[in-house]
Amino acid sequence: MAYSAADERPLAVERRLPGRARRRTDALHDYEKSNAERGSRFPSPLWPFFAPDAARCYRWRAELDCGCITELLTHGDSIPPHQHRLGNGLTGEPLPPGQLYCEHDASVPAPYRDITAWRDRREVALPPDTAEPPEGITAELWTVLRRCEPRTEAFWTVLLECGHSTEVVAPSLGWKPAHGPCVVNPARVREMAEEFDHAAAADPALLETFDGQHMRRMIAAGWPSPRPEQPCSTCVHARTIVAYQAVGWLIPRDTAPEQSTRPARDVLERRLRRAEADAERLRAELAQIGEAPGLG
């Protein structure tokens, strides 16, 4: 099925949005708090990339296609927010430009998207399945599906045609995307097709659901594993910026030439806190070296 995230993305426009922006002092306080936490995870040379100084941040208000209005920060004011990659999906990977994750209470089925690229692989050691069947699975079916021994499975991160990422389980540890999907024998495929036709006859609405359409396509393809199309839970809550409004710099810039170029007190205090944190980290490293065997 053909799908393009870019084809469905509305053109964002700059205009005045309803409501008012947060107080700048509140926005600055929240940013400094989160920035300090991010900065503690990276060495100081990387702070400009992962924990940039607040003086570099520009504030925007953005309206999403779900009707929600939120506030955003970008590095500088030269590029509007809908051209940035600002949000993360369920896997933690960045969303396509102009999208943000905005979860709503309404439950919407996850659509199926084709896999367009295979990325990272990881192995996961799994314990035996519990004796109690998971919710939605009968005890009889669980006796067939349950795995009583520990096992290790390979998970691949894949890119979907919508621009979002998800993980799929490989058929075996040695499987690679170049091998192509594994399919079941033709006799079993015929049985599955008959079973699906009976289910669809008993419940015609099945053919209108994402899951029903997906099952029909997969049976026609021989029930491949891994399946070439995967449900995208990120699509359910990934919202697109449709309008935006400039708010201003997180720390107002001094444009008066006659005023002093000395940094503001709060900027100096932030620099001092970072320097002290860096010094404390170095002291801890020196202490560990001093405690090593054979060192005085």
Practice problem: Could you list, by residue number, the cysteines of the chain that have no other cysteine's beta carbon within less than 4.7 Å of their beta carbon? | Solution: Cys57, Cys66, Cys68, Cys102, Cys148, Cys162, Cys182
Practice problem: Would you calculate the separation in nanometres between label points at Ala36 and Met192, each defined as 7 Å from the Cα along the Cα-to-beta-carbon direction? | Solution: 5.5
Quiz prompt | Extreme residue, positive dipole direction of the chain, given options Ala243, Gln99, Cys68 (C-beta unit charges) | solution = Ala243
Quiz prompt | Dipole of the chain, positive direction: furthest Cα of Thr166, Pro133, Phe42, with charges on the beta-carbon | solution = Phe42
Practice problem: List the relative contact order of the stretch 48-179 as a percent without decimals, with contacts defined as Cα pairs under 8 Å and 6+ residues apart. | Solution: 18
Practice problem: Could you calculate, for the chain, the ratio of the Cα radius of gyration to the Kirkwood radius, expressed as Rg to Rh? | Solution: 1.09
Self-check item: Arg217-Ile137 FRET efficiency (beta carbon distance; Förster radius 25 Å; 0.05 resolution)
Solution: 0.60
Quiz prompt | Positive-end residue, the stretch 183-223 charge dipole about Cα centroid, Cβ charges, pick of Phe196, Leu207, Asn185 | solution = Asn185
Quiz prompt | Dipole in debye (nearest 20) - the chain, about Cα centre, beta carbon charges: Lys, Arg +1; Asp, Glu -1 | solution = 1280
Practice problem: Between Ala202, Ala110, Ala220, find the one with the highest GNM mean-square fluctuation for the chain; connect C-alpha pairs within less than 10 Å. | Solution: Ala202
Self-check item: Computed FRET value (nearest 0.05) for Arg16 with Asp105, which takes r as the C-beta separation and R₀ as 45 Å
Solution: 0.95
Quiz item: What stretch of the chain, leaving out the sites themselves, is the longest with no trypsin sites (Lys or Arg not before Pro) in a DSSP loop having at most 14 other Cβ atoms within 10 Å?
Solution: 148-252
Quiz item: How long is the gain from Val183 to Arg151 if the chain were fully straight, where each residue apart is worth 0.36 nm and the alpha carbon distance is subtracted?
Solution: 9.3 nm
Exercise. Kindly identify the stretch 183-223 as rounded, prolate or oblate by the Cα gyration tensor criterion: order the square roots of the eigenvalues as a ≥ b ≥ c, call it rounded if a/c is under 1.5, otherwise compare a/b with b/c, prolate if a/b is larger, else oblate.
Key: oblate
Quiz prompt | Distance (nanometres) between label positions extended 7 Å along Cα→Cβ at Ala287 and Ile69 | solution = 5.0
Self-check item: Contact order relative to length of the chain, as percent, for alpha carbon pairs under 8 angstrom and 6 or more apart
Solution: 27
Self-check item: Debye, to nearest 20: dipole size of the stretch 183-223, +1 on Lys, Arg Cβ, -1 on Asp, Glu Cβ
Solution: 220
Quiz item: the stretch 129-223: which GluC sites (Glu not before Pro) are DSSP loop and have at most 11 other beta-carbon atoms within 10 angstrom?
Solution: Glu135
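No lab work stands behind these numbers, since they all come straight from the coordinates. What you see is a predicted model, and the numbers here were worked out from it, not measured in a lab. Cβ atoms come from the backbone with ideal geometry, glycine included; neighbour counts cover every protein chain shown.
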